[in-house]
1. Being in a helix (DSSP H, G or I) and surrounded by 14 or more Cβ atoms within 10 Å (Cβ to Cβ) is the filter here; which residues of the range 188-214 pass it?
2. Considering each residue of the range 188-220, count those that are touching a Gly at 6+ places or on another chain (Cβ under 8 Å) and among the acidic types (Asp, Glu), and give that number.
3. Of (1) outside the structural domain of Ser297 (by TED's automatic domain parsing); (2) on the phi < 0 side of the Ramachandran plot, Thr148 satisfies all except one. Which?
4. State whether the residues of the range 201-221 include one that is touching a Pro at 6+ places or on another chain (Cβ under 8 Å) and either outside the structural domain of Ala242 (by TED's automatic domain parsing) or more than 19 Å from Gln125 (Cβ to Cβ) (or both).
5. Within the range 155-171, identify whether any single residue is near the ligand (Cβ under 10 Å from one of its atoms), touching a residue at least 12 places away in the same chain (Cβ under 8 Å) and either surrounded by fewer than 24 Cβ atoms within 10 Å (Cβ to Cβ) or closer than 24 Å to Pro302 by Cα (or both), and answer yes or no.
6. Is it the case, given these coordinates, that Leu138 is in a loop (DSSP other than H, G, I, E, B), touching a residue at least 40 places away in the same chain (Cβ under 8 Å) and under 19 Å from the mean Cα position of the chain (by Cα)?
Amino acid sequence: MNPFESLGLKHDGRTLWVLDQALLPDAEVWLDGSDPAAMVALIRRLAVRGAPLIGVAAAASLATFAQRGASAGEYAAACAALRAARPTAVNLMWAMDRMKDASDPMAEAQAIFEEDVRLCEGMAQHGAALIQDGEGLLTHCNTGGLATAGIGTALGVIRRAFEQGKRIHVYADETRPLLQGGRLTAWELRKLGIPATLVTDSMAALLMRDGRVQRVLVGSDRVAANGDFANKVGTYGVAVQAHHHGVPFHPVAPFSTVDLTCPNGAAIPIEERDPAEVRGFGPLRWAPEGMPAWNPSFDVTPVDLVTSLVLDRGVLSRDQLKAGALGPLCRPS
Ligand code: MRU
């Protein structure tokens, strides 16, 4: 097969390798993700993460499983198990629906990979046009090359603006509880040489009050038909703060993240994770053992707090979203 390769995933023709994102930035360890059962576990522990990358990785794992001689029954069961591995990210379901009846699974996985690269380019083109020279940009979680097959969603937009020569400064929220901003976005920004400062999530409002942030760009795991969207927990709080301070706020997502069957944000399923992730990190625990903790992995931002949604197919304003413009733009042709 024709191998595919991105920042967090590669295929050598026989084996699918994924970068263990739980170990970054201290160690770059590549794990075998060829077996769908192993891939489900990798997705659950966020070794493979980012809504678009999860869809691509699950498709590549399923295709490798087929290449190794899985029966039709085994293939269907693996497809169903992968589809359920992350309930909020609709890209995963979109990719598994494509793989379910694929006559050539490896060709279909490759097409999903290549399409994701193109979608990132589309978002980068439309989103970078919004960014003005000299802006401070706040972003939450990780939405770059690690989270997609291409250059990313929100971080891809930021990267493209930087490549266009715009003098920007990025503020990366560390993103509690699993620190995707502090570990992964910081790692990507350093690799790309983009001027950036890491902040804790609780510093975002202060940055806005002090006029250091002119725009917020975030990713999304699922956009509902009315423009409400789910993203990494903490996004809603950033949106409220941006609204209060009059700072433009943009989710950035490919059409494969739009779920027209979800009428609004209340219909988006929100994954809850182990409360232990709130009590500590890795081997470190700071809360009393057994302290009750709540750990929703995502939150929903209402469309009223969105300035505009950046898609691979263009930019939709809040008013356009509220008038139902997502349907005609994202309905399968
Ligand atoms: O739990 P994670 O780290 O996978 O969360 C990632 C996000 O919330 C991203 O914003 C989202 O998946 C879109 S990324 C391109």
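1. Pass one, the range 188-214, residues in a helix (DSSP H, G or I): 188-192, 201-209.
Correct list: Glu188, Leu189, Leu192, Asp201, Met203, Ala204, Ala205, Leu207, Met208.
2. 2
3. For Thr148, the failing item is (1).
4. yes
5. Taking the range 155-171 first, the residues near the ligand (Cβ under 10 Å from one of its atoms) are 155-156.
Filter once more, keeping what is touching a residue at least 12 places away in the same chain (Cβ under 8 Å): 155-156.
After this cut, where a residue has to be either surrounded by fewer than 24 Cβ atoms within 10 Å (Cβ to Cβ) or closer than 24 Å to Pro302 by Cα (or both) as well, the list is 155-156.
There is at least one residue in the range 155-171 that is near the ligand (Cβ under 10 Å from one of its atoms), touching a residue at least 12 places away in the same chain (Cβ under 8 Å) and either surrounded by fewer than 24 Cβ atoms within 10 Å (Cβ to Cβ) or closer than 24 Å to Pro302 by Cα (or both).
6. Details: in a loop (DSSP other than H, G, I, E, B): no; touching a residue at least 40 places away in the same chain (Cβ under 8 Å): yes; under 19 Å from the mean Cα position of the chain (by Cα): yes.
It is false that Leu138 is in a loop (DSSP other than H, G, I, E, B), touching a residue at least 40 places away in the same chain (Cβ under 8 Å) and under 19 Å from the mean Cα position of the chain (by Cα).
The values are calculated or read from the model by the stated rules, or taken from the named source; none is laboratory data. The shown structure was predicted, so the numbers you read here are calculated from the model rather than taken from an experiment. All Cβ positions, even for glycine, are placed from backbone atoms using ideal geometry, and neighbour counts span all protein chains on display.
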